[in-house]
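Enquirer: First, the structure itself, so that you have it in front of you.
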Amino acid sequence: MDIPTPSRRSMLRLGAAAVPLAAFGPALAAAPARAAAAPALTMPAETDRHVRTYLAWPALSSVWERSLDRVRSDIAEVAHTISRFEPVVVLARPGQAADARHLCGRGARYAVDVIEIPVDDLWIRDFGPTFLAGPGAVAGVDTRFNGWGKAGTKYAQPFANDAAAAGILLDEYQVPRIRAGFVGEGGSLETDGEGTLMATVSSLVNPNRNPGMSLQQVDEALRTSLGIAKVIWVPGLAGQDITDCHIDCLARFTAPGRVILDRPGPGADPKWVAVYEETKRVLEGATDARGRRLAITELPGPDKRFIRGGGAEFLSSYTNYYTPNGAVVAPHFGDGYADGVAYAILQAAYPDRQVVQIAIDNIASGGGGIHCATQSHPAAPPA
């Protein structure tokens, strides 16, 4: 669903409603003043050039139980794979940093560095900063992570360290910080880099994140905080997973005007099939910030009978891939036919990138994927 844009003062840059640098506080306000020509920031496409990728070292056996070591091995494999294409930084608790360095330190081309920042879990897409970029500048948005709003539910887990990590990480790299006007997670935000954002109503217009805020108010907060001109809302589904149906497991921009849509494979739960069908209907009727209708490519999931992993929370979504510089890093699940189809679709969608598929069954058992476990730090566009 599209929300009409209300009247408000905004600065138009890069085809989007961009955020003035002065909004990010003293660190940016102290930059050389250029009056009306001051640059502005917007949430870039993930395919824009990166400085590095961030990952987080899962800390708690109380969350992962006996699978913690296997999950850490998966994270090390993700780090190693991405390091073939760009530098990688892994956040780890001080007492766990040595083990992280030992397992992650085999960079293929670029360095894999471990920095000592306390974390609770691996989902840095959600609790890490969401970056904005503009001419000659980058800033980070702290989306005020609250553990997906799951206090008091079966999904509740410790998140105090994760909630603080965005601010600490931005300080570490001297990146200006802004606190968002909404509570949410990076996995709930998908942009084309030209002013269009996709999001699910279930993950953001939800009293467990933004109590008392209407859809219109959350829409305005997203556009103001992220330099976005238009939000395309799809319903999603609340209460059925820890994220309340993040968009990054459902639909992704491959380029402006082009979307990949996750289609559940054989054996999928009917409720997720219904989410796919409703999302497809909404996207087929939507236009982006520049008035373009969306070209939709479906990415079918694997057959549940043939995948290696399992369990109620297992995320068998190829759509939860990540795009480091020059590559697409995606999962394979053991269904040879579906894995091959996913490879072909992703290669066609990103013809100038190398598609690399890796096994992440242990990460997927926790309800997430490669995209959930990564966060990109964009390069500043030329001033």
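Every read-out reported here was derived from the displayed coordinates using simple, explicitly stated rules and does not represent laboratory data. Just so it is clear, the model here is predicted, and its values are computed rather than measured. Cβ sites come from the backbone with ideal geometry, for glycine too, and all protein chains shown count toward neighbours.
Enquirer: Please work out the C-alpha center-to-center distance from region 110-168 to region 169-222 and express it in whole Å.
Expert: 13
Enquirer: How far, in nm, would the chain grow between residue 151 and residue 337 when pulled straight, counting 0.36 nm per residue and subtracting the alpha carbon separation?
Expert: Values: separation 186, 0.36 × 186 = 66.96 nm, distance 4.00 nm.
Result for the pair: 63.0 nm of gain on full extension.
Enquirer: Here is a follow-up. What residues have an amide H closer than 5 Å to that of residue 193, excluding those fewer than 5 places away on the same chain, when H is modeled at 1.01 Å from N in the peptide plane?
Expert: 45
Enquirer: Something else: Whole-Hz ³J(HN,Hα) for each residue in region 182-195, computed from phi via Karplus 6.51 cos²θ - 1.76 cosθ + 1.60 with θ = phi - 60°, x for glycine and proline: what do you get?
Expert: For region 182-195, the Karplus-derived couplings read 8, 9, x, 9, x, x, 8, 10, 10, 10, 8, x, 10, x Hz, x marking Gly and Pro.
Enquirer: Further question: Using Cα pairs closer than 8 Å and at least 6 residues apart in sequence, work out the relative contact order for the chain, in percent.
Expert: On the way: 885 pairs, mean separation 78.4, N = 383.
Once divided by the residue count of the chain, the mean separation gives 20 percent.
Enquirer: State the extension gain, in nm to one decimal, for the chain segment bounded by residue 344 and residue 98, taking 0.36 nm per residue of separation less the distance between their alpha-carbons.
Expert: On the way: separation 246, 0.36 × 246 = 88.56 nm, distance 3.85 nm.
So the extension gain works out to 84.7 nm.
Enquirer: I want the antiparallel fraction of DSSP beta bridges within the chain, as a percent rounded to 5.
Expert: On the way: 24 of 53 bridges.
So the antiparallel bridges in the chain amount to around 45 percent.
Enquirer: Separate question: Please work out the ratio of the alpha-carbon Rg of region 11-378 to 2.2 N^0.38 Å and round it to two decimals.
Expert: Values: Rg = 19.1 Å, N = 368, 2.2 N^0.38 = 20.8 Å.
So the Cα radius of gyration is 0.92 times the expected 2.2 N^0.38 Å.
Enquirer: Let me ask another. Taking 0.36 nm per residue of separation and subtracting the Cα-Cα distance, what length does fully extending residue 278 through residue 258 add? Write down the numbers at each step before the final one.
Expert: Values: separation 20, 0.36 × 20 = 7.20 nm, distance 1.79 nm.
Working it through step by step, the gained length comes to 5.4 nm.
Enquirer: Through the Karplus equation 6.51 cos²θ - 1.76 cosθ + 1.60, θ set to phi - 60°, convert the phi angles of region 43-59 into ³J(HN,Hα) values in whole Hz; use x for Gly and Pro.
Expert: Residue by residue, region 43-59 yields 6, x, 5, 5, 7, 5, 4, 9, 7, 6, 10, 9, 10, 10, 8, x, 9 Hz.
Enquirer: How much mean residue ellipticity at 222 nm does the chain get from its helices, if each DSSP H run of length 4 or more adds -39500 (n - 2.57) and you divide by all residues, to the nearest 500 deg cm²/dmol? Numbers along the way, then the final one.
Expert: On the way: 11 runs with 97 residues, N = 383.
Only helices count here, giving -7000 deg cm²/dmol.
Enquirer: Using modelled amide H (1.01 Å from N, peptide plane; none on Pro or chain starts), what sits under 5 Å from the amide H of residue 254, excluding residues fewer than 5 places away?
Expert: For residue 254, whose amide H was placed from the backbone, the distant partners under 5 Å are 259, 260.
Enquirer: Next question, about the same structure. Can you list residues whose amide H is under 5 Å from residue 90's amide H, if they're 5+ apart or on another chain and H is modeled 1.01 Å from N?
Expert: Result for residue 90 returns 55, 113, 114, 115.
Enquirer: Now, a different point. Taking the Cβ-Cβ separation of residue 313 and residue 174 as r and a Förster radius of 30 Å, what is the calculated FRET efficiency to the nearest 0.05?
Expert: On the way: r = 37 Å, r/R0 = 1.25.
Between residue 313 and residue 174 the formula returns 0.20.
Enquirer: Please report how many Lys pairs in region 11-378 have alpha carbons closer than 23 angstrom, counting only residues at least 8 apart along the chain or sitting on separate chains. Working shown, then result.
Expert: Details: 150/271; 154/271; 230/280; 271/280; 271/304; 280/304.
Lysine pairs meeting both conditions in region 11-378 amount to 6.
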